[in-house]
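Report on the structure given below.
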Amino acid sequence: MGRRDPEEGQLPAPVKPPDGGWGWIVLFGCFVITGFSYAFPKAVSVYFKELMKDFHVGYSDTAWISSIMLAMLYGTGPVCSIMVNQFGCRPVMLIGGLLASAGMILASFTTNIIELYLTAGVLTGLGMALNFQPSLIMLGTYFDKRRPLANGLAAAGSPVFLSSLSPLGQVLLEKFGWRGGFLIMGGLLLNCCTCGAVMRPLDMGMKRKMDKAQDKYEAKEMLPIGGKSEEGISTTDGTKKAKKGKKPKKGKKLLDFSIFSNRGFIIYTISKFILVLGLFVPPILLVNYAKDTGVPDTEAAFLLSIIGFIDIFARPACGMVAGLKWVRPHVAYLFSFAMLFNGLTDICSARASNYTGLVIFCVFFGISYGMVGALQFEVLMAIVGSQKFSSAIGLVLLIEAFAVLIGPPSAGRLVDALKNYEVIFYLAGSEVVLSALFLAMATYCCLNRGKKKEPPPEKNPTAGGGSDTEEAESDMQEAEEHSSDNHQPAHSTDNTVVAAGEEANHVAEEQSGEAGGCPERDGEVLARDGCNTDQTVERDRF
């Protein structure tokens, strides 16, 4: 059934992700938010030496600032999901931007390390968490066919901001000191509010159009103009019956735990937990590992710049590859390959003993790390869909928070105990490889085989990244069919069966006798003129 123009009195087409237009502005906002969320906790480390001098604390004490920021970013995932489901993305992001900025501004007036933990750590970390998660939700709302590319471009914000915020922080530290630097950084975080302001809800304008079209249609059809009086009356009756038959909308869940019944989500969560245990260990220990092998300090620090530079190009490129028609249905396997590539890179470079070997490691690690960063949220969106993504990402981030608190600290303790980085690289690489193998094998055995046994439905989006708009299209099509049935004019009483409740069976028997012995199907009432299925009226409609 074709869709007509709303001006003609018909309901407008379902809301589809535009895959462009204002979505590019949303993508840029998500790019900025992702950059601040991932790069800011690392960029703050340039102030640690000055903080150690002023507050007379050790490096481990100041390092807790970044750790608390990351813990808030991951651990407050369910809180963010509840707030987004309750208030929407835009208000939550505006509040988050204000909190992040206020945290850094207040941190510039602190007098001890505990106050820094509460301001720069807790308050700023919470603000960035309230920005990061809603931005990803809005990105999935505005993009469907180009969603893998959009995720890759947004994820590129992390290396871009890391390569720019760290030098900027060093310049601010030299000119204004750490207090002035924190104050200016707080001002920069107000840009999160700007990014939140552009996160316009996609269905806001469409709801207004649908309400306006519905009112116009009802006003037009209820007027008894000429021969359309009967049509207006029948349409009014049909509309009333349709409204009576509608079920009341259920309240939106603050946190949807039903996603745990999704086997794909369980598999993804387990593999992601194992992945995070070892993913962040090599870049954290890389500089110290290079220094222990005799590499100068400046060249050792340049290794992280190599990873960041490669990462900038790897993420969008991987997003483009994941968006290809023959790749997107199998995006989970591409994600498994990216993790396997990353793990093998760690294992093969464990014995690198010179600067050239470390540079080669950084190149391959940057490629694989960028692939993982570009695909991780795309795979989650493909598994749970855009409707449940807000709850899914909150729960996943909470589970990842435990892995973040377990993996890097445990690796640091092993380094202190063994005085050997080679074992740590082997262990981290093995964890990443294990997560890749688990995701690939579990997806093939538990998901794909189960789908082969079950008969495929008429419209089922592909498991690896089908279109999220197919369900919305089918729902809207059913609504249009129902409304069109109520809008059809009455042609003749000889071709119409009017029955209600128990009278439908009596009318069916009389009409079947007049039809010349035409067989009556179960659940159907046949019209008088022959056995044409086009004139079949289901009893459920009575």
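The values are calculated or read from the model by the stated rules, or taken from the named source; none is laboratory data. The structure displayed is predicted, hence computed values, not measured ones. No Cβ is skipped: glycine too gets one built from the backbone with ideal geometry, and neighbour counts run over all protein chains shown. Calculation scope for accessible area: heavy atoms of the full protein, side chains included, ligands and nucleic acids excluded. Shrake-Rupley method; radii C 1.70, N 1.55, O 1.52, S 1.80 Å.
Tabulated values for the structure
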{"quantity": "Computed label-point distance, nm, for sites H56 and L437 using a 7 Å Cα→Cβ extension", "calculated": "5.3"}
{"quantity": "Accessible surface, the range 256-448, averaged per residue in Å² (probe 1.4 Å)", "calculated": "43"}
{"quantity": "Cα gyration tensor shape of the range 72-115, rounded if a/c is under 1.5, else prolate or oblate by comparing a/b with b/c", "calculated": "oblate"}
{"quantity": "Surface share of carbon and sulfur [accessible, 1.4 angstrom probe, percent] for the range 256-448", "calculated": "71"}
{"quantity": "Distance between the range 73-128 and the range 367-439 - C-alpha centres, whole angstrom", "calculated": "24"}
{"quantity": "Extended-chain gain in nm, criterion 0.36 nm per residue less alpha-carbon gap, F260 and S353", "calculated": "29.0 nm"}
{"quantity": "Distance (nanometres) between label positions extended 7 Å along Cα→Cβ at A63 and F313", "calculated": "3.3"}
{"quantity": "Stretchable slack from I25 to N112, in nm (0.36 nm times residue separation minus alpha-carbon distance)", "calculated": "27.3 nm"}
{"quantity": "Order of exposure, largest accessible area first, which applies to E115, E378 with probe 1.4 Å", "calculated": "E115, E378"}
{"quantity": "Alpha-carbon radius of gyration plus Dmax, which is the widest Cα pair, for the range 17-221 in Å", "calculated": "19.7, 79"}
{"quantity": "Candidate residues R328, R179, R351, R147: accessible-area rank, largest first, probe 1.4 Å", "calculated": "R351, R179, R328, R147"}
{"quantity": "For the range 17-221, size of Cβ-based charge dipole, Lys and Arg +1, Asp and Glu -1, in debye", "calculated": "440"}
{"quantity": "HN-Hα J in Hz across the range 92-108 - Karplus 6.51, -1.76, 1.60, θ = phi - 60°, x for Gly and Pro", "calculated": "5, 5, 5, 5, x, x, 5, 5, 4, 5, 4, x, 6, 5, 5, 5, 6"}
{"quantity": "Where the range 17-221 is the region considered: accessible area per residue in Å², 1.4 Å probe", "calculated": "41"}
